[in-house]
Every structure is written in C-alpha cells, then in structure tokens.
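The values are calculated or read from the model by the stated rules, or taken from the named source; none is laboratory data. Just so you know, these numbers come straight off a predicted model, no measurement behind them. Cβ placement follows ideal geometry from the backbone for every residue including glycine, while neighbour counts extend to all protein chains displayed.
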Number of protein chains: 2
Amino acid sequence: MNKIQFTAIGIIHSPIKVSRGAPIQPRYARGIEGRVEIFPEYVAGLADLAGFSHVTLIYYFHKAKGCSLRVVPFLDDQEHGVFATRSPHRPNPIGISVVKLLDVRDNILRICDIDALDGTPLLDIKPFVPEFFDRENIRLGWLHEKIV
Amino acid sequence: MNKIQFTAIGIIHSPIKVSRGAPIQPRYARGIEGRVEIFPEYVAGLADLAGFSHVTLIYYFHKAKGCSLRVVPFLDDQEHGVFATRSPHRPNPIGISVVKLLDVRDNILRICDIDALDGTPLLDIKPFVPEFFDRENIRLGWLHEKIV
C-alpha cells in the first residue's frame, strides 16, 4: 500500500500545553479560545469562511506516541476499539474538532471550544454543515441559501 | 515543514464510480449504501463501533488532481475559498463524511448515505457524537451513558 503524504497548512495555537488532562472533545472545551494561524501561501483559500458559525479542523496528533488498536479512553475505565474512540493513538493520528469560528482576519482565525494541543499542525479546514440536526444558531454562510 | 505520512487502513466500496456528478455531501447521498473494508491488521480497532448509529469516515481523495485555493463548488456557480467548501481540490486532499452505520461484521462495515467514490482509501474512522445538536435518533454506543 502506498504511503499518503500531507503537509501542514498552519498551526493551532491553544492554551492547552500538555496532553495529559487535555479535553478530549469540544464538549469539554467549551469557552476555550484559541487561534489558527494559516501559512501565507494558503490564505486565498479562506475566502468566504467567515460566513460559517462553526468549522471542522482536521489536524495531526503530533504528540501521539505509537498506535494501540484497543485503548482506555478518557471518558471510561474500560478498553474500547480505537475506532470507537477519539484517542490520538490511532493507526493514522488524525484529529478532527468542530469549533466556533469567531473571526477571520488575514491569516488568523479566532476560534472557541478548541480541544487540540498548542502547536498542533493543521491539515485542513472545512465548513461545518450539520446534515442531521436542528439548525438553530447555526449559520451556513454562502451554503445557507443553497440548501435550506 | 516536515511531511506527514499516512497509510490506508481500508477501502470504501460504493456505487459511485466516477467523480463527475458524485454527490458532494451525505445530504445528497441519502439512501446510498456502501461497504467499508478494513484491512485485517486493523480489525481489533473496530471493537464497540457497532454501538454507534453514525460514524465519521476520514479518507483520501485519491482522484483529486491538484489543488486550487479558489473553487466553484457543485452547489454554486460562484468561486469560494476552498476551505469554505468540500471540494476535493484541497492542499491536503482529505475528505470526511458522516454515514449511518448499519452493521459491522468481521472486517466489513455496511454503511448508508455514502458520498465517496468507489475505491477510496480510508484513513480513519471515528464515532460521530453530535456535540451541538438534538440527539433524537442518535445512538452513542458506550459513550452514551458517559455524557448524556
């Protein structure tokens, strides 16, 4: 199987400095503000993002040490298959978090409810579009008029 | 910036054979059934996944040809920043889809509402936990009793 290669497009800056005790999902990170710094060569790709109330950040668990197929997650004292958890110790250490987007200015996104470690390499940003749920308090930017 | 290297953990099998006209998000893929084949060495990681009604698939847009920072998405006739869209033509061609999980048997997941191309290399699976929304008709597997 061929290797798949990615490169960071930016860095997540957050007040979470050590992984032990870090929130495991945004639910536990309510109110934690952070910043996403996008490298200058990708800034053109941010156009129209500010219209969305929430974005999905896709990032690299750069501090994860190795992979376990069975893990005891933060929220339990029993082992579960790693794919049934958000543990960073995954075959491909990819993390995703839905965060509130407060503001976009130049190459900096101000975000809220961030649960990633400070210094985390960012791989991608996508607009968050809740396909299944109540849309209260959600803004969908340019997509809104297309699908509502 | 260092390169980040991943390896496929499985393959998505879907009835969508060509990218032109492929659904762009699960909203437009309702009812489309597919299968995820997990490579045998990762099967232990699937334990407890069957308790979740929905999972997030993270995959590699293997047919994407190059990257554009501004794209005209399927749902519009105007250009948008690529990060405000789900276009595959991203700096890191990573796709995510929330799908219904119908069944897990050995190394095969039967899924519904799949919008990825047949043959797509799978990078990761995570349980789908709707932090922000109405929980009707959602099952959260082992997490349910921990957070509800």
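Details
- Matching residues, the range B:111-124, being in a strand (DSSP E or B) and more than 9 Å from every other protein chain (Cβ to nearest Cβ): B:ILE111, B:CYS112, B:THR120, B:LEU122
- Residue in the range A:38-61 that is surrounded by the most Cβ atoms within 10 Å (Cβ to Cβ), counting only those that are more than 9 Å from every other protein chain (Cβ to nearest Cβ) and outside any strand (DSSP E or B): A:PHE61
- Positions within the range A:79-96 being within 19 Å of A:HIS54 (Cα to Cα) and surrounded by fewer than 23 Cβ atoms within 10 Å (Cβ to Cβ), in sequence order: A:ILE96
- Residue under evaluation B:PRO23, criteria (1) crowded, with 16+ Cβ neighbours inside 10 Å; (2) at pLDDT 90 or above, criterion not met: (2)
- Residue in the range B:62-71 that is at pLDDT 90 or above and outside any loop (DSSP other than H, G, I, E, B) present: yes
- Residues that are in a strand (DSSP E or B) and within 13 Å of chain A (Cβ to nearest Cβ) within the range B:89-110 comprise B:ILE94, B:GLY95, B:ILE96, B:SER97, B:VAL98, B:VAL99, B:LYS100, B:LEU101, B:VAL104, B:LEU109, listed in sequence order.
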